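What follows is one structure encoded as structure tokens, with my remarks underneath.
The values are calculated or read from the model by the stated rules, or taken from the named source; none is laboratory data. What you see is a predicted model, and the numbers here were worked out from it, not measured in a lab. Cβ placement follows ideal geometry from the backbone for every residue including glycine, while neighbour counts extend to all protein chains displayed. Please note that ligands, DNA and RNA were not included when accessible areas were found on the heavy atoms of the full protein model with its side chains. Shrake-Rupley method; radii C 1.70, N 1.55, O 1.52, S 1.80 Å.
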Amino acid sequence: MDDLYREHILDHYKNPRNHGALTDADVSVEGTNPLCGDELHLDLNIIAGRIEEIRFHGRGCSISQAATSMMTELVEGKTVEEAAALTRADIEEEMGIPLSPVRLKCALLGLSTLRVALNRHAGVALPEGWAGMDGVDWR
Amino acid sequence: MDAVATPASVLRADFPIFERVIDGHPLSYLDSANSAQKSRHMLDTMMSFYTTSYANVHRAVYQLGVEATEAYEGARETVRALIGAASTKEIVFTRDSTEAINLVAHSYGRANLAPGDVIVCTELEHHSNLVPWQVLSQQTGAAIRYVHIDDRGELQLDELDEIARSGNVRLLAVAEQSNSLGTSNPVRVLADWVHEQGGVIVVDGAQSVPHRPTDVTALGADFLVFSGHKLGGPSGAGALYGRRELLEAMPPFLTGGEMIRSVRLSGTTYNELPWRFEAGTPAIAEVVGMGAAIEYLVGVGLDNVQAHEQAITRYALGRLAEVPGITVHGPTEHSRRGGVVPFSLDGVHPHDVAEILGSQGVCVRAGHHCTQPVMERLGLPATTRASFYLYTVPDEIDRMIDGLHRVRRIFA
Ligand SMILES: Cc1ncc(COP(=O)(O)O)c(C=O)c1O
């Protein structure tokens with residue numbers, strides 16, 4: 001347990017990076033995890049194929065908030081391709097702890113919402129109800 | 001068996017799971033509203049049934065088949081007596097509450113509802129007592145109206161007048177006790193009201209039948225459902241009570257073997273009650289186990305169970321009040337609520353609360369508790385919920401409180 005609430009996770013939870021909103025965002029997406037009642041609002045400014053700015057706000061548990069904060073640090077300044085290549089394993093590595101299947105969903109809310117945002121920005125038609133990641137049971 | 005109050009600390013020894021240690025912590029199981037733990041009596045009964053008397057029911061003429069049928073039908077009598085039904089014909093075994101509600105919606109509902117009719121439901125229902133009625137409304141063209149709750153989770157009964165004015169109320173579905181707020185609903189008042197309208201009442205007893213004495217006549221229930229797993233039986237068995245005249249007139253739900261009298265290629269006649277509603281091979285040992293769990297409860301005395309839960313709930317509410325930043329949701333008065341206590345801790349998501357408590361061996365549920373409209377109404381993303389049963393002891397509450405202080409330290 002103490003593992004799950006390690007200093008760096010609590011730090012990201014209490015002092016989230018890139019927290020807030022962008023007024024003229026190129027793309028804005030809402031992500032939800034109905035199981036936990038988590039809601040995430042993600043704004044991106046993408047200039048010449050590069051994520052110049054990213055902001056998030058919403059409500060959720062420490063794991064979802066911290067993981068989203070870490071995700072924004074990972075992708076800021078990256079190209080869209082680099083960001084799209086980000087995986088579940090990258091988030092787990094960033095968190096630095098093993099995640100139970102239930103908490104994995106919390107941790108992946110940010111990444112899956114990012115994927116929806118990148119697809120939408122690229123004009124890709126998404127299947128209805130697709131939450132940004134396959135193989136995750138969002139119940 | 002007589003019903004003399006036995007302390008929970010003694011009854012606890014009847015439940016083997018409490019020998020379990022989690023990371024060096026004794027088990028504090030505060031999630032019985034989700035599913036209850038199992039007594040040795042129930043487990044031994046199932047084991048002995050499987051090891052000595054198992055066969056399919058209603059079909060075999062040999063000794064085992066006879067014994068299995070007697071055990072299965074014996075459980076029906078146990079359920080009948082538990083809820084004060086007039087006849088075992090009124091007791092249909094189902095998988096759980098959800099299936100029982102779907103049976104009523106599908107069979108009674110489709111045969112009796114038409115465009116212009118009104119189904120009444122409430123804002124605090126479990127999704128299992130809400131979605132089947134929404135679907136029925138779509139399928140039949142009947143309208144669905146909701147009784148809303150106030151800030152404390154109490155039904156606003158004055159809304160009934162307005163609903164009555166529109167007329168054509170055919171059915172009202174309500175939980176006797178809310179699983180997410182603990183509210184005890186005035187079922188008798190609602191039954192009288194809907195009967196005046198010429199409709200029937202479907203009572204969701206998932207959170208009440210396990211926890212207090214039940215009498216379908218006193219409740220005025222036309223239909224009542226409950227789940228065996230929430231009263232200490234195995235998962236996979238539950239029951240539907242239906243007034244005999246209503247069940248008699250209802251078309252079958254699932255069709256196939258067991259529910260028939262005779263099948264010819266030119267047509268089929270159906271079996272009599274209650275088997276007409278039990279198509280296929282039922283959950284035989286699970287039903288026997290549910291019967292044993294009920295025997296155990298009756299031995300303890302459901303009035304004793306209720307009194308104990310009221311006392312432990314009062315204790316829990318008192319101790320929670322000592323923790324800074326805790327808000328308890330649901331009715332403030334003890335007498336208006338069952339052994340279900342949902343709460344929030346300022347600045348900490350319920351998932352984090354439940355995770356940290358869990359690592360201390362304290363099992364509580366976090367989430368929307370299958371009642372998203374309640375969460376939306378109260379403006380809560382989720383809550384942490386502690387729920388109690390006959391085996392809950394103050395030590396478990398104390399360990400939860402210690403855990404909550406720990407949560408506060410971690411998130412300070
Ligand atoms: C009030 C209420 N109704 C219905 C149900 C559904 O019970 P089951 O899942 O056993 O069908 C529950 C279970 O949590 C409940 O609390």
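Taking amide H positions as modeled 1.01 Å from N, with prolines and chain starts lacking one, the residues under 5 Å from B:LEU172 and 5 or more places away or on another chain are B:VAL120, B:VAL200, B:ILE201, B:VAL202.
For region B:44-298, which whole-number percentage of the solvent-accessible area (1.4 Å probe, protein heavy atoms only) is attributable to carbon and sulfur atoms? The nonpolar share, carbon plus sulfur, comes to 52 percent. For region B:15-100, the alpha carbon convex hull comes to 141 Å³ per residue, rounded to a whole number.
Annotation: lysines with alpha-carbon distance below 29 angstrom to B:LYS230 (same-chain offsets under eight excluded): A:LYS105, B:LYS38, B:LYS89.
Projected onto planes of every orientation and averaged, the convex hull of the alpha-carbon atoms in region B:44-298 covers 14.1 nm².
Taking the DSSP beta bridges with both ends in the protein assembly as shown, the antiparallel portion is around 70 percent.
Placing one equal scatterer on every Cα of the protein assembly as shown and applying the Debye formula, the log10 ratio I(q)/I(0) at q = 0.10, 0.11 Å⁻¹ is -0.92, -1.07.
For region B:282-369, GluC sites (Glu not before Pro) are listed when DSSP marks them as loop and at most 12 other Cβ atoms sit within 10 Å of their Cβ; the list is B:GLU322, B:GLU333. Helix A:62-75 and the longest principal axis of the C-alpha atoms of chain A enclose an angle of approximately 40°.
Within region A:2-121, the proportion of Cα pairs with more than 25 Å between them is 15 percent.
Accessible surface area normalised per residue over chain A is 46 Å², counting heavy atoms of protein chains with a 1.4 Å rolling probe.
The simple spin-label model puts a point 7 Å past each Cα toward its Cβ; for B:ARG264 and B:ALA60 those points are separated by 3.2 nm.
For the interface of chains B and A, what total accessible area is buried with a 1.4 Å probe, rounded to the nearest 100 Å²?
On the way: alone 16550 and 7060 Å², together 22230 Å².
Interface between B and A: roughly 1400 Å².
The label point for B:HIS334 and the one for B:ARG20, both projected 7 Å from the Cα toward the Cβ, are 2.9 nm apart.
Annotation: amide H of B:GLN37 has no partner in the under-5 Å range at sequence separation 5 or more or interchain, hydrogens built in the peptide plane.
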